[in-house]
Amino acid sequence: MPTPHRFLAFGFAAADLLIEVGRDGRVSFALGAGEAVLGRSDASMRDQPWQSLFAPEDHAMVEALFGGLSDGARAGPVVVGVAVTAGRPPRFASLTAIRLVQNKGAISCALSRAGERSTSGLQGREAFEARAAELLVGSSEALELAFVEFSGLSRAASGVEPGQIDNLINGALRAQAYRGEAPTAVGPDRYALLHAGDEPTEALTGRIEQVLSNAGLTGVKAEAAAMPLTGVARPKQMAQALRHALNQVLENGLSRPLPGDLAQALDRAMQTTLSKAGQLGAAIRHRRFSLAYQPVVALGDGTLHHHEVLVRFGSDGSPFPTIRMAEEMDLIEPLDMAVLEETLFALQKDPKLMLAVNVSGRSLMSDDYVEGALSLLKARPWARGRLMFELTESAAVEDLAAADRRIQSLRQAGCEVCLDDFGAGAASLAYLQQLTLDLLKIDGRYIRDLQHGGREATFVKHLVNMCGELNVRTLAEMVETPEAEDAVRRAGVHYAQGWLYGRARETPADEDSITARGRTRSGALAIRSALDR
Ligand code: C2E
Ligand code: MG
Ligand code: MG
């Protein structure tokens, strides 16, 4: 081929290195800054297979990039890993390919140095959302979120190794993706990728089908839909809108039309959130929750001390995700208030009960909650000394002096106050220093590892001593084994709670059974330690 044609081929990009890959897959021409871009001289590339230039994990993408090119078409740029000797840091190059009619099947490539790309495999959902938002903010191009769904894949793929198919599909998708960024899976045989929004989706699916058919997977159909990524400028809102579109496709496939753009996706995301908030609000108002009771024992004599009240929504097990949602949606205060009211009912029904309710730091900081609680307590003098408040999510408390005033008003109304999950947050010590409390609950993570006698043991021992000086009693949560019980007792902890004594149940545990089980356990432990000696 005459040289002017070559330069015609390369004229399309501002590149540092130009190479031509012949029909035999070998480099037939290389000119430019080979050392700077690929770490090797131009001459050393000549006649080498193109695979020797790029990192193996990106071969499927480059193969698909070349394989999807019809005459006169251009593809990329994609960011591709450069082949480096083992142990050397990874490096990347931006690769654009064009197949000119005059070049008789040869592919002209323009390469320049590039910054990092995403992983070469599939990205997780969250990573994809965050990365897409980051790229969107930094890109001046019109981009879209494209979804590709394959049908006939399992039939076409019988007899081919599953790993090989994943590699092939991933390569085919990345070759079409903006910068060659990794796609994410949104259901079986369905993927999402970032795509430059300058061509109809049929062109995209046409090339993907071509690549799969080149690889021997015949009869696979690819269907695609895309949503322009316009209308929202803030990264957090972009990620929220992207998540909404991904969720829609995850739930309904491509059967429902996608939102018109990011702005519409964000609107719909808000509506979904509002409707969830509406449902949770209704569940709280109509008391569509129940209470579970978990026993807390006094370690001195193994007797039942009180129960912690834990809210349950339906049969879903842990309420934690709902509690988090309530905290985010400003619904935690009505929830805590509703749980408090139900707890007072339970106390009224059974005069032997002593209960602890959880109260989020956010509720404690609300005058409505504290005043509401105080007026409930005033009207129920029998609750004095039988109700305790456990302060959870104390990170939400910013004004410690104001928090302490509220805590003291609850204590004056006859309720002890306990700081929950101590040690889980970074600011725990400041709370202990500035709040006057009755009890401190040591976070379960320290207790579970306590019996191994590592740093946790030292931490707990000193914490108990410090609390002793401050006149604060201690409670260990998540005590699961007799060894853990033994360790917390030896550390001087006053109370314990955990699966060893019983899980949270619909009805409170019976006092006698707790005491009897405690006796059996201490007998067994005494025998074991006698044998150890
Ligand atoms: P928390 O107050 O620290 O409650 C202890 C959690 O640990 C409970 O989970 C309990 O079931 C679990 N647990 C108890 N013993 C063991 C054990 O031996 N091993 C293990 N692995 N886990 C144990 P649950 O019921 O899922 O509650 C999670 C969190 O939800 C609670 O943590 C509390 O922060 C919050 N929560 C529950 N009810 C309410 C409520 O009415 N209001 C507020 N604001 N928060 C609540
Ligand atoms: Mg608690
Ligand atoms: Mg806790």
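The values are calculated or read from the model by the stated rules, or taken from the named source; none is laboratory data. None of the values given here were measured: they were computed from a predicted structure. Here Cβ is always computed from backbone atoms with ideal geometry, including for glycine, and neighbour counts include all displayed protein chains. Each accessible area value is taken on the protein alone, full model and side chains, heavy atoms only, with ligands, DNA and RNA left out. Shrake-Rupley method; radii C 1.70, N 1.55, O 1.52, S 1.80 Å.
Viscosity 1.567 mPa s, temperature 4 °C: what is the translational diffusion coefficient of the chain from Stokes-Einstein with a Kirkwood Rh over Cα pairs, rounded to a whole number of µm²/s? The Stokes-Einstein estimate is 46 µm²/s.
Charges were assigned to the Cβ only: +1 to each Lys and Arg, -1 to each Asp and Glu. The resulting dipole of region 303-430 about its Cα centre is roughly 720 debye.
For M354, the accessible area of its heavy atoms, probed at 1.4 Å with every protein chain present, is near 60 square angstrom. State which entries of K349/K378; K349/K441; K276/K352; K352/K441 exceed 29 angstrom in Cα-Cα distance in the structure shown. Beyond 29 Å: K276/K352.
Net length available on complete extension from Q279 to E480 is 68.8 nm, with 0.36 nm assigned per residue and the Cα-Cα distance removed.
If the chain linking D198 and R74 were pulled fully straight, counting 0.36 nm for each residue of separation and taking away their Cα-Cα distance, it would gain 43.4 nm.
Once the gyration tensor of the Cα atoms in region 331-386 is diagonalised, the equivalent ellipsoid follows with semi-axes of 20, 12, 9 Å, ordered largest first.
Note on the chain: antiparallel DSSP beta bridges, both residues inside, total approximately 70 percent of the bridges counted. Pairs of alpha carbons in region 287-532 separated by more than 31 Å make up 21% of all such pairs.
Counting only DSSP H runs of at least 4 residues, each contributing -39500 (n - 2.57), and dividing by the residue count of the chain, the helix-based mean residue ellipticity at 222 nm comes to -13000 deg cm²/dmol.
Between D449 and E57, what FRET efficiency follows from the Cβ-Cβ distance if R0 is 51 Å, with the result rounded to 0.05? Here the calculated transfer efficiency is 0.85. Taking a ≥ b ≥ c as the square roots of the eigenvalues of the Cα gyration tensor, region 49-141 is oblate, since a/c reaches 1.5 or more and a/b is not larger than b/c.
Legend: calculated FRET efficiency, Q48 to T218, from the Cβ-Cβ distance at R0 = 41 Å, rounded to 0.05, equals 0.85. Each residue, R155 and A33, gets one label point 7 Å from its Cα in the Cβ direction; the gap between the two is 5.1 nm. Counting only Cβ charges, +1 for Lys and Arg and -1 for Asp and Glu, the dipole size of region 202-278 around its Cα centre is about 320 debye. Spin-label model, A142 to D189: label points 7 Å out along the Cα-to-beta-carbon direction sit 3.2 nm apart.
Length available on full extension from W382 to N252: 0.36 nm per residue minus the Cα-Cα distance, which gives 41.4 nm. Taking all pairs of distinct Cα atoms, average 1/r, flip it, and tell me the Kirkwood hydrodynamic radius of region 125-274 in Å to one decimal place. Roughly 15.7 Å, rounded to one decimal. FRET efficiency for the Q164 to V84 pair, using the beta carbon distance and R₀ = 22 Å, is estimated at 0.35. Of the residues A224, P235, A185, the one whose Cα sits farthest towards the positive end of the charge dipole of region 107-237 is P235 (charges of +1 on Lys and Arg Cβ, -1 on Asp and Glu Cβ, taken about the Cα centre).
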